[in-house]
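The values are calculated or read from the model by the stated rules, or taken from the named source; none is laboratory data. Model, not experiment: these values are computed from the prediction. Reconstructed Cβ throughout: ideal geometry from the backbone, glycine too, with neighbour counts over all protein chains shown.
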Amino acid sequence: MWKLLKIELFKIFKRPRTYIAFGAIAAIVFLFQIALWFDGKTYIELILGNIDASFDFSDQFKTHLLNGYFVCFAVLNILLIQMPLLVALIAGDVIAGEANMGTLRLSLSKPVGRTQYLLGKFFASTIYTVLLLLFLAILALFGSMLLFGINDLVVFRSTSIHQMSQDDIFWRYLAAFGYAAVALTTVASLAFLLSVFADNSIGPIIATMSIVIVFTILSEMNIPLYDRTIKPYLFTTHMVAWKGFFYVRSNEEGATIKGSIENLPAILKSLSVLLIYIFLFVGSAIWIFRRKDILS
Amino acid sequence: MNLISMFIVFTKCRYCKFFFVTLSLLFYWANANAQTAEEILKKIKTKLGKIKDYEAEGKMKTNVAFIKAPVATVKVFYKEPDKILILNETGISFIPKGSVNININNIFVNMQAFDIIDAGKDNTGLRIIKLLPKDDTADIVLSTLYVDEKNLVVKKSKITTKENGTYELEMNYSKFLEYGLPDKVIFSFNTKDYKLPKGITLDYDDGSEKNPDKLKNKRGTVEINYKNYIINKGIDDKIFRR
């Protein structure tokens, strides 16, 4: 299995397209950081505009607010919606790409079981996803911490504001990145499943992107009919649960409880839903692939 | 019996004379000790006037329906006549508008601008003094002070403004009573509704968001517990420009 995994990783990282995702992430994060470096106060004022009738915000407040943790949260808020597309670029190609090049039949002629072969490819896609996230973490978190310094993190939700002290944030990012790895693996497993059906990698990549976009729009819509019937079952609804690590509980006096998570059971439930999806997608891919006539 | 004959009887009676003199003395003593509202405010102003500036360190708790914030260590800087700054040097603190009123000295800066009305005493024995601005265009419509006459400190105040509703201030005195500076201040204020579009915040719906209607039009409080004051050591004006 380890040998298979090494071969698959070699294949992934040999292709130039693999590095498109890394380049895209670096470009987005860098552009975002530059924008906030030069005009961060405008962005902050835009967010604070809703409550500036009740509070005085000094320049020092705005400077403290625009710190590395805040910038990283803003980057993740934007980028973790786009990242599934970058993951699909590789995961949608792992089987369909081989079929397209006509090497799939040849690969399967080796003394390796189809299940093992597929799992090798899936784990390679997962490692790629984790590396992509690690790259994002280094740029968005450590890069922003270096550029903007650290301070308390203030998270602006739709109807509430959560503030965490600076010594209570780093572990939340570790947990959030861990969760995001599972969320993106779900997308990778979907692309992987679709890849089994196709002989051309464009199809599974486009199909995965389309599903993620449609599901994300449905997840973000606030229509009671969808809230009760469709949204709880969409994996995209649960993919944003990494933010739950930044929602804190407060005591009766409204003070943040250090180290608390507002609704950990909800995050664990979302995590379970994603794990079930991964199991279903990968299981289905294996089940279908094992019965498939490989003609290319 | 007419009044003259009553007076003759009264002056001839020894006990009546004693009673009359005692009653007169009591009446004089009571009047001599009863202070007018203006006098009380002047005395408080004189007491507070001894403080040219101070720097205080304290713990600040913010209790606003839609904000969850940790208890913060803040510094409060004051310089006469009316400069005040609440500063969180290392972290972030939401400072409510009107927090300048946490310094009661501000009321005494221009006493001539107010009509002073004595409104008696409340049920805890605090003297109620109302200040009405003479200027119709002033933002403050009415200030009500609850004064501890014995210690010459303002223990509570209500300030009603045109633009930002009513601010209330409660002050507890202990260690710094002799300077007229509180150990604890609770400042309550009106909060406007807070709402950002979900399309911007892209919230994770973990089922914990409260009903937004419950968060509307609530009063918020900021509580500062002072640890220490550094009084009259001089403060640079630059600090107030932050």
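Here residue B:68 meets each of (1) out of contact with any His (no Cβ under 9 Å at 6 or more places or on another chain); (2) without any contact (Cβ under 8 Å) to a residue 60 or more places away in the chain; (3) within 11 Å of chain A (Cβ to nearest Cβ) with one exception, condition (1).
Exactly one of (1) modelled with pLDDT of 85 or more; (2) in contact with a Gly (Cβ under 9 Å, 6 or more places away or on another chain); (3) over 19 Å from residue A:128 (Cβ atoms) is unmet by residue A:69. Its number? Checking residue A:69 against (1) modelled with pLDDT of 85 or more; (2) in contact with a Gly (Cβ under 9 Å, 6 or more places away or on another chain); (3) over 19 Å from residue A:128 (Cβ atoms), the one that fails is (2). Here are A:51, A:34: which of them is out of contact with any Leu (no Cβ under 9 Å at 6 or more places or on another chain) and under 30 Å from residue B:99 (Cα atoms)? One residue alone meets the criteria, A:51.
The set of residues from the stretch A:95-105 being part of a helix (DSSP H, G or I) and within 23 Å of residue A:287 (Cβ to Cβ) comprises A:96, A:97, A:98, A:99, A:100, A:104, A:105. Looking across the stretch A:252-296 at every residue that is aliphatic (A, V, I, L, M) and within 30 Å of residue B:94 (Cα to Cα), the one that is surrounded by the most Cβ atoms within 10 Å (Cβ to Cβ) is identified as A:267. Counting only residues that are within 7 Å of another protein chain (Cβ to nearest Cβ), in a loop (DSSP other than H, G, I, E, B) and polar (S, T, N, Q), the stretch A:241-272 holds 1 of them.
One line per residue, one yes/no per condition, for (1) modelled with pLDDT under 85; (2) touching a Ser or Thr at 6+ places or on another chain (Cβ under 9 Å):
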{"position": "A:52", "(1), (2)": "yes, no"}
{"position": "A:60", "(1), (2)": "no, no"}
{"position": "A:80", "(1), (2)": "yes, no"}
{"position": "A:88", "(1), (2)": "no, yes"}
{"position": "A:108", "(1), (2)": "yes, no"}
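Of all positions in the stretch A:231-239, at least one carries a residue that is within 9 Å of chain B (Cβ to nearest Cβ), basic (Lys, Arg) and over 17 Å from residue A:162 (Cα atoms). Being at pLDDT 90 or above, buried (at least 22 other Cβ atoms within 10 Å of the Cβ) and more than 20 Å from residue A:77 (Cβ to Cβ) holds for only one residue in A:201, A:165, A:189, and it is A:189. Pairs linking a residue in the stretch A:93-108 that is without any contact (Cβ under 8 Å) to a residue 60 or more places away in the chain to a residue that is part of a helix (DSSP H, G or I), with Cβ atoms under 6 Å and 6 or more positions apart or on different chains, are A:98/A:104. In summary, strands (runs of 3 or more DSSP E) completely within the stretch B:97-201 and bearing 2 or more residues that are within 14 Å of chain A (Cβ to nearest Cβ) occur at B:166-172, B:184-190. In the stretch A:141-149, the condition of being within 14 Å of another protein chain (Cβ to nearest Cβ) and either touching a residue at least 12 places away in the same chain (Cβ under 8 Å) or surrounded by fewer than 22 Cβ atoms within 10 Å (Cβ to Cβ) (or both) is met by at least one residue.
Residues of the stretch A:209-227 being free of Cβ contacts under 8 Å to residues at least 40 places away in the same chain, farther than 19 Å from residue A:158 by Cβ and either surrounded by 14 or more Cβ atoms within 10 Å (Cβ to Cβ) or within 12 Å of chain B (Cβ to nearest Cβ) (or both), which ones? Quick ask: steps written out before the conclusion?
So the first thing to find is which residues in the stretch A:209-227 are free of Cβ contacts under 8 Å to residues at least 40 places away in the same chain, and the list is A:210-211, A:213-215, A:217-227.
In the following step, the residues that additionally are farther than 19 Å from residue A:158 by Cβ were identified as A:210-211, A:213-215, A:225.
Passing the criteria: A:211, A:213, A:215.
With a requirement of 2 or more residues that are surrounded by 13 or more Cβ atoms within 10 Å (Cβ to Cβ) and within 22 Å of the chain's Cα centre (by Cα), the helices (runs of 4 or more DSSP H) lying completely within the stretch A:1-94 that satisfy it span A:2-14, A:18-48, A:68-91. Of the residues making up the stretch B:50-65, those that are basic (Lys, Arg) and within 14 Å of chain A (Cβ to nearest Cβ) number 2.
Only residues that are touching a residue at least 24 places away in the same chain (Cβ under 8 Å) and of a type in the set (Gly, Ala, Ser) were counted in the stretch A:3-32, giving 3. Can residue B:50 be described as out of contact with any Cys (no Cβ under 9 Å at 6 or more places or on another chain), under 16 Å from residue B:224 (Cβ atoms), at pLDDT 75 or above and surrounded by fewer than 16 Cβ atoms within 10 Å (Cβ to Cβ)? Criteria not met by residue B:50. Sub-6 Å Cβ pairs linking a first residue in the stretch A:165-194 that is under 28 Å from residue A:256 (Cα atoms) to a second residue that is crowded, with 19+ Cβ neighbours inside 10 Å and not hydrophobic (A, V, I, L, M, F, W, C), at least 6 apart or interchain, are A:165/A:152; A:165/B:70; A:166/A:151; A:166/A:152; A:169/A:69, ordered by first then second residue.
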